[in-house]
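The values are calculated or read from the model by the stated rules, or taken from the named source; none is laboratory data. Keep in mind that this is a model prediction, so the values were computed, not measured. Here Cβ is always computed from backbone atoms with ideal geometry, including for glycine, and neighbour counts include all displayed protein chains.
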Amino acid sequence: MTTPADGPAPDPSHATSALAPFSTPVFRMLWLAWLAANVTMWMNDVAAAWLMTTLTTSPVLVALVQTASTLPVFLLGLPSGALADILDRRRYFAATQLWVALNAVVLAVLSLADALTAPLLIALTFTNGIGLAMRWPVFAAIVPEIVPRHHMPQALALNGVAMNLSRIVGPVVAGAILAATSSAWVFVLNAVLAFAAFTLILRWKSQHKQSALPGERFVGAMRVGWQHVMQSPRMKAVLLRIFLFFLQSTALMALLPLIAKGLHGGGPAAFTVMLACLGAGAITAALLFPRWRARFNRDQFVRAGTLVHAVMSLVVIFSPQMWLALPAMVVAGMAWISTANSLTISAQLALPNWVRARGMSIYQMALMGGSAAGSLLWGQVAGATDVRTAVIAAAIFGPVALLITRRVSVEGAGDEDLTPALPASVPEVAINVAPDDGPVMVTVEYMIDPAQAEDFAHVMQVTRSARLRQGALTWALLRDTSVPGRYVEYFVDENWVEHQRRLERFTAADIGLREQRLAFHRGDSPPKVKRYVAERLVG
């Protein structure tokens, strides 16, 4: 992997220590809370899956435990992101963790009382999944608020360390308790750790951004969040990349129990050790990221990670002995987190703070969608042929998908400056306008040298995406048929308060884009801006 001559210059801040974010006390505290929360998640999944086998002999009900755990992410991904953006994030984060803790208490009490049934266990697993689905977007949005921008890659890598460390610790602890006592005591420990994480979150003293405007409405917030992501070329590239990568990489994870069983001397212990090696590789790579990121950009990480994971999957599936499969699992774990972390960083840097939780919830939905689709696809292939053929097909799919989408970049022309920067204030209105009055139409008149029409059109195409990302309902650019070079830009906001809210969402990048538009204007005065509010007709 070499750095192309035309690639972006490496950021010297990438050489910062992998543990540098721990110098921020708030991050250190919330990271411990996140680690504890994820350990409880894995412990709960292991205990619930094992308990279900003692409650029923139905394979359908046993499989429904995993479905009940992951389904809430698809159902509640965007709603949870919207709530995390429009509510106080500290209180919302604490509320989601309290939900998980109380759910763990109910599970522990019912389990100790021997009152759990198969349907009840599935229901409580689903309600636990609701808490997890609601929690992830808010934590993803909090991280950029509490660490300096140049520490964000390391902070996100440490979050990956927490996830992978919990993947090792959670099942090991749960397995040890299950072997010594029963699943009830796993749920008891789960509740204790969940309340410990809740206490750590309460200790965080966040600064909630104050606004003179009323809060966003829930449905409108979801619409704006989805619209922002769909109008962001960078986010669309990231969503495609994360979906394709998890579609490929899930084959190894989904079929790993069968792969471990087929190895010489393989079995449950082999499966556990292979999972541990995958997690250890991910942790090792996360600690090496600062050194690597000083030399390679995110597109290179994605390409190399995809190819290395594909090759290591082949090594694992063709390995007759554990001694060869385990090192390959370590390298596969390094490739997996290198790709996933690079895409997470790209998503974070493409989202302004006001919509970050919604954007990251959509990112999580794409990730989970790729994982679910991969499990279904490669499972079907394995059923129709065999496990080896399915893993080989997935390994081939990865490089082929890279080739087909070779023009898709998550790096682009560099990261935009999304620092909040308010534009000029709205002129005082001469009529009474209520907050809910609308729609509001804004027109901007430009006089352009006809010789620059093509360049102006290019800038206005970028402007269209920017206006829609800020929440505008519609946008258009019109030419005056009687005056050559006269253009009218118009866009519509839902109502007056949403028009004002859109102005609050301006960033330094939006100011720079406005200066590009003004550079084309030829006139003695700036472009004329007019605002119109829809009139409500009676009868």
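Can you confirm whether segment 464-476 contains a residue that is buried (at least 17 other Cβ atoms within 10 Å of the Cβ) and within 18 Å of Arg522 (Cβ to Cβ)?
No, the conditions are met nowhere in segment 464-476.
Check Ser465 against each of (1) under 30 Å from Ala221 (Cβ atoms); (2) in contact with an Asp or Glu (Cβ under 7 Å, 6 or more places away or on another chain) and name the one condition it does not meet.
Failing condition for Ser465: (2).
Which residue is nearest to Asp417 (Cα to Cα), if the candidates are limited to segment 509-528 and must be part of a loop (DSSP other than H, G, I, E, B) and in contact with a strand residue (DSSP E or B) (Cβ under 9 Å, 6 or more places away or on another chain)? Full working, then the answer.
So in segment 509-528, the residues part of a loop (DSSP other than H, G, I, E, B) come out as 522-527.
Of the ones still in play, those that are also in contact with a strand residue (DSSP E or B) (Cβ under 9 Å, 6 or more places away or on another chain) are 522-523, 527.
Details: Arg522: 28, Gly523: 29, Pro527: 25 Å.
Among them, the one singled out is Pro527.
Please determine, by comparing only the residues of segment 222-259 that are crowded, with 24+ Cβ neighbours inside 10 Å and of a type in the set (Gly, Ala, Ser), which one is farthest from the chain's Cα centre (by Cα).
Residue satisfying both the conditions and the ranking: Ala251.
Identify, please: which residue in segment 510-525 is more than 18 Å from Leu478 (Cα to Cα) and in contact with a helix residue (DSSP H, G or I) (Cβ under 8 Å, 6 or more places away or on another chain) and is, among those, surrounded by the most Cβ atoms within 10 Å (Cβ to Cβ)?
Among those that are more than 18 Å from Leu478 (Cα to Cα) and in contact with a helix residue (DSSP H, G or I) (Cβ under 8 Å, 6 or more places away or on another chain), it is Asp510.
I'd like to know if segment 272-280 contains one or more residues that are farther than 26 Å from Leu19 by Cβ and of a type outside the set (A, V, I, L, M).
Yes, the conditions are met somewhere in segment 272-280.
Going by the structure shown, is Arg135 out of contact with any helix residue (DSSP H, G or I) (no Cβ under 6 Å at 6 or more places or on another chain), under 26 Å from Glu216 (Cα atoms) and not assigned by TED's automatic domain parsing to the domain that holds Ala366?
Numbers: out of contact with any helix residue (DSSP H, G or I) (no Cβ under 6 Å at 6 or more places or on another chain): no; under 26 Å from Glu216 (Cα atoms): yes; not assigned by TED's automatic domain parsing to the domain that holds Ala366: yes.
No, not satisfied.
Looking at segment 350-369, is at least one residue under 30 Å from Asp88 (Cα atoms) and among the charged types (D, E, K, R)? Walk me through it before giving the result.
Within segment 350-369, the first condition is being under 30 Å from Asp88 (Cα atoms), and the residues that meet it are 350-369.
Add one more test, that the residue is among the charged types (D, E, K, R), and what stays is 356, 358.
So far as segment 350-369 goes, yes, one or more of its residues are under 30 Å from Asp88 (Cα atoms) and among the charged types (D, E, K, R).
From Leu314, Leu343, Leu324, grab the single residue that is out of contact with any strand residue (DSSP E or B) (no Cβ under 6 Å at 6 or more places or on another chain) and either surrounded by 19 or more Cβ atoms within 10 Å (Cβ to Cβ) or of a type in the set (Gly, Ala, Ser) (or both). Even if it seems obvious, please write down each step before you answer.
Values: Leu314 fails: either surrounded by 19 or more Cβ atoms within 10 Å (Cβ to Cβ) or of a type in the set (Gly, Ala, Ser) (or both); Leu324 fails: either surrounded by 19 or more Cβ atoms within 10 Å (Cβ to Cβ) or of a type in the set (Gly, Ala, Ser) (or both).
Being out of contact with any strand residue (DSSP E or B) (no Cβ under 6 Å at 6 or more places or on another chain) and either surrounded by 19 or more Cβ atoms within 10 Å (Cβ to Cβ) or of a type in the set (Gly, Ala, Ser) (or both) holds for just one of Leu314, Leu343, Leu324, which is Leu343.
Residues in segment 447-459: is at least one within 27 Å of Ile431 (Cβ to Cβ) and either of a type in the set (D, E, K, R) or surrounded by 13 or more Cβ atoms within 10 Å (Cβ to Cβ) (or both)?
no
Any idea which of (1) surrounded by fewer than 19 Cβ atoms within 10 Å (Cβ to Cβ); (2) of a type in the set (A, V, I, L, M, F, W, C); (3) in contact with a Pro (Cβ under 7 Å, 6 or more places away or on another chain) is the one Ala357 doesn't satisfy?
(1)
If you go through segment 195-222 one residue at a time, how many are at pLDDT 75 or above and more than 19 Å from Val355 (Cβ to Cβ)?
Taking segment 195-222 first, the residues at pLDDT 75 or above are 195-204, 217-222.
Of the ones still in play, those that are also more than 19 Å from Val355 (Cβ to Cβ) are 195-204.
Residues that pass the stated criteria total 10.
Here's the yes/no breakdown for (1) touching a Lys or Arg at 6+ places or on another chain (Cβ under 8 Å); (2) farther than 30 Å from Glu216 by Cα; (3) without any contact (Cβ under 8 Å) to a residue 40 or more places away in the chain; (4) not in a helix (DSSP H, G or I):
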| position | (1), (2), (3), (4) |
| --- | --- |
| Ser375 | no, yes, no, no |
| Trp378 | no, yes, no, no |
| Ile392 | no, yes, no, no |
| Ile396 | no, yes, no, no |
| Ser409 | no, yes, no, yes |
| Glu454 | no, yes, yes, no |
| His458 | no, yes, yes, no |
| Ala476 | no, no, yes, yes |
| Thr481 | no, yes, yes, yes |
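Of everything in segment 487-508, what is part of a loop (DSSP other than H, G, I, E, B), out of contact with any helix residue (DSSP H, G or I) (no Cβ under 6 Å at 6 or more places or on another chain) and under 12 Å from Ala472 (Cα atoms)? Give them in sequence order.
Keep residues of segment 487-508 that are part of a loop (DSSP other than H, G, I, E, B), which gives 494-495, 505-506.
Narrowing the set further to residues that are out of contact with any helix residue (DSSP H, G or I) (no Cβ under 6 Å at 6 or more places or on another chain) leaves 494-495, 506.
Correct list: Glu494, Asn495.
Among the residues of segment 91-125 satisfying the criterion of being surrounded by 23 or more Cβ atoms within 10 Å (Cβ to Cβ) and among the polar types (S, T, N, Q), which is farthest from the chain's Cα centre (by Cα)?
If we take residues in segment 91-125 being surrounded by 23 or more Cβ atoms within 10 Å (Cβ to Cβ) and among the polar types (S, T, N, Q), then Asn103 is farthest from the chain's Cα centre (by Cα).
Residues checked against (1) touching an Asp or Glu at 6+ places or on another chain (Cβ under 6 Å); (2) surrounded by 14 or more Cβ atoms within 10 Å (Cβ to Cβ); (3) assigned by TED's automatic domain parsing to the domain that holds Arg291; (4) modelled with pLDDT under 80:
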| site | (1), (2), (3), (4) |
| --- | --- |
| Ser23 | no, no, no, no |
| Ala33 | no, yes, no, no |
| Asn44 | no, yes, no, yes |
| Thr70 | no, yes, no, yes |
| Val73 | no, yes, no, yes |
